[in-house]
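Please read the structure below before turning to the comments.
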Amino acid sequence: MADEVVSHAFSHGFHPKHSERLAAYWSEALGGPTTYSTDFGDESAVVRMHSGNGPHEEMDRRAIACFDQALADIGLSDDDRVRQVLHDYFAWATTTTMSRYHGSVNEVPGDLPIPQWSWDGPVSRMVPKDI
């Protein structure tokens, strides 16, 4: 919140259970229980919260830098595998899924699944074809 550019995203306020919801989302994305999808919503709802604000590359870069600093602040070093995986996931999500729909929240498709991430990066999902 100390970064004047990144904090703009929260200038309208945020959900009182933001931390709980964020923890559930990250847990699910990183292979944990489906608490976010079960209790709070799907990926489409998350993407809509981050959409319709026009391009924001500088804010994305600064958010990633703030995230990296937070990882350093809790003691994860640059050569730590966990730090690298968390950085990679945050950078990927920030610059892809969360910034894909600049024009309008109405562009976001419904029923998007929460993307899964592993030690090796994005996990592809096999989606059955409609017959």
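The values are calculated or read from the model by the stated rules, or taken from the named source; none is laboratory data. Please read all numbers here as calculations on a predicted model, not as lab measurements. Neighbour counts are summed over all protein chains in view; Cβ atoms, including those assigned to glycine, are modelled from backbone coordinates with ideal geometry. Surface accessibility is based on the protein's heavy atoms, side chains included, excluding ligands, DNA and RNA. Shrake-Rupley method; radii C 1.70, N 1.55, O 1.52, S 1.80 Å.
If the condition is being in a helix (DSSP H, G or I), open to solvent by 50 Å² or more (accessible area, probe 1.4 Å) and among the hydrophobic types (A, V, I, L, M, F, W, C), then the range 27-64 contributes only Met49.
For Ala24, the stated conditions hold: it is under 16 Å from the mean Cα position of the chain (by Cα), more than 14 Å from Thr94 (Cα to Cα), assigned to a helix (DSSP H, G or I) and at pLDDT 95 or above. Among the residues making up the range 116-131, those that are among the hydrophobic types (A, V, I, L, M, F, W, C) and either modelled with pLDDT of 95 or more or surrounded by 11 or more Cβ atoms within 10 Å (Cβ to Cβ) (or both) are Trp117, Trp119, Val123.
Which one is farthest from Leu30 (Cα to Cα), of the residues in the range 65-84 that are outside any helix (DSSP H, G or I) and touching a helix residue (DSSP H, G or I) at 6+ places or on another chain (Cβ under 7 Å)?
Applying the filter and picking the extreme gives Ser77.
Filtering the range 97-115 to residues that are open to solvent by 40 Å² or more (accessible area, probe 1.4 Å) and not in a loop (DSSP other than H, G, I, E, B) leaves Val105, Asn106, Glu107.
Restricting to the range 65-96, name every residue that is surrounded by 18 or more Cβ atoms within 10 Å (Cβ to Cβ), out of contact with any Gly (no Cβ under 9 Å at 6 or more places or on another chain) and under 28 Å from Asp111 (Cβ atoms). Correct list: Leu86, Phe90, Ala93, Thr94. The set of residues in the range 12-26 that are open to solvent by 40 Å² or more (accessible area, probe 1.4 Å) and of a type in the set (A, V, I, L, M, F, W, C) comprises Phe14, Leu22, Ala23, Trp26.
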